[in-house]
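Values quoted throughout were computed directly from the atomic coordinates according to the rules given, and no laboratory measurement underlies them. It should be emphasised that the depicted structure is a prediction, and the values quoted were computed from it without experimental measurement. Here the Cβ positions follow ideal geometry from the backbone for every residue, glycine too, while neighbour counts run over all protein chains shown.
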Amino acid sequence: MALGGGTFITIGEKKLPGSYINFVSASRATLALSERGYAAVPLVLDWGETDKVLELTVDKFKKEAFTLFGYNYSADELRPIRELFLNAKMLFIYRLGSDGIKASGSLATAKYPGTLGNKIKIITTAIIDDETTTGYKVQTFLGSELIDTQEVSGATAKTDALENNNFVDWIEDVSLAAGTVSLSGGTNGTANSSAYEAFLTAIEAYSFNSICYAGTDAGIKALFANFTRRMRDEMGIKFQCVLYNYSSADYEGIVSVENSINNAQSGEAGNLVYWVTGAVAGCAINKSNTNKKYDGAYDVNVSYTQSQLEDALDNGKFIFHKVGDEVRVLEDINTLKTFTDEKSDDFKYNQTVRIIDQIGNDIAAIFNDRYLGQIPNDESGRVSLWNDIIKHHKELEDIRAIENFSTEDVTVERGPNKKSVVVYDKITPINCMSQLYMICTIE
């Protein structure tokens, strides 16, 4: 990253210009808020570009799913993406497996590596006039679906006369003849730790609210957890990471999905991670996912006793339970379960984390865009920064994300050197109601 960011231990220790923001618990004795709904996800897919981050909206997904992924929008193979879009507004999708092989045949090679290429066939038909071949009609099929038709003239026409389409690249200088050519040999490549490392490197350049890994490999889970800690604590880039059965993380940046899927196909046991990732990204800072209804397509395993549910909450597990005929989120929590003076139990609630992440991201953006290298570090400049922070926090208070805010809760002072400023900020996050205790007196 070009700018510094993250937390600090002592004021004045940093060398890079940037925003360094700490959030700690207090002792117990019209600036626009940045948008939410952005999620980053690596996927094992049968078709599409590899080693590239694809920016995808739900409208683009519905219109271009077949071209981008080789399947129609409603196909089972694209269910993880549909689960994400139930709550997210934008996905940064990265197809894993750059070592995959493109299917090929005598006339063409598949546009992308992957097993889907093995379903491509090319049917060439002679165009005959007065019993003389005058040209060829070349049709490209994916399974039984016609995806491209071209006609070329000349009895000795070659593939050079054809234009590449969305699914195949033609091999040069091959003579056309009537018949059918099926492509074969396509593979998806390997979704190993190296592939996930490549994804994490590529995704650093993007801004998102959540990231995920839905698999069961302990090493890859640790890779994502370490990446999240580094980005949050050292780089100051605030998001949460959703993993499957990783409550041992004990960190507010990690959400661990407990439930598995009934009758899951191979590799799908943790696929509820996708719905949760979208929900974490898309939840407003003045809202909570607690009691949110699961509206996805998977059959969720909710076979838990009351004591097991209580144990799950004590151990930082994001868990679904049965409420009547519906499946709902029990409580919107992360994996933090070791509390300190700096991180009280408030930090285990994702709504609290969303609020402080919003503040961290927004104030860093305000400083980096408006002040860094532009505004003098004098009293007037510091008052201007103070005013912008006050306006921002007032907006948070207006939407009931924080409460009891006073302008006296923010001070902006000159730091230990001429280029630094120190902001002291005090906030009281609001969480949505989740418990009711009622005392009823009968007279």
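Computed quantities for the displayed model
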quantity	calculated
Gain upon complete extension [V174, D378; 0.36 nm per residue less C-alpha separation]	66.2 nm
Net charge dipole size for region 108-182 [Lys, Arg +1 and Asp, Glu -1 on Cβ; Debye, nearest 20]	400 debye
Cα point-scatterer Debye curve for the chain, base-10 log of I(q)/I(0) at q = 0.06, 0.09, 0.13 Å⁻¹	-0.35, -0.69, -1.13
Gain upon complete extension [N263, N164; 0.36 nm per residue less C-alpha separation]	31.5 nm
Whole-Å distance, taken between Cα centres, linking region 198-265 and region 118-159	48 Å
Region 108-182: relative contact order as a whole-number percent, Cα under 8 Å and 6+ apart	35 percent
Cross-link reach list, aspartates and glutamates versus K158, counting only Cα pairs under 15 Å and skipping chain neighbours closer than eight places	D169, E172, D173
Separation between Cα centres of region 47-61 and region 321-368, rounded to whole Å	29 Å
Förster radius 45 Å - calculated FRET efficiency between Q139 and N315, Cβ distance, rounded to 0.05	0.20
Calculated FRET efficiency for the pair N417/K62, C-beta based, R₀ 56 Å, to 0.05	0.55
Rounded if a/c under 1.5, otherwise prolate or oblate - region 304-361, Cα gyration tensor axes	oblate
Rounded if a/c under 1.5, otherwise prolate or oblate - region 266-328, Cα gyration tensor axes	rounded
Eligible lysines near K292 by straight Cα distance, threshold 29 Å, same-chain separation 8 or greater	K60, K62, K63, K89, K221, K238, K317, K322, K337, K343, K348, K394
Estimated FRET transfer efficiency when R0 is 51 angstrom, pair D129-E77 (beta carbons, to 0.05)	0.75
Rounded, prolate or oblate (a/c below 1.5 giving rounded, otherwise prolate when a/b exceeds b/c) for region 108-182 by Cα gyration tensor	prolate
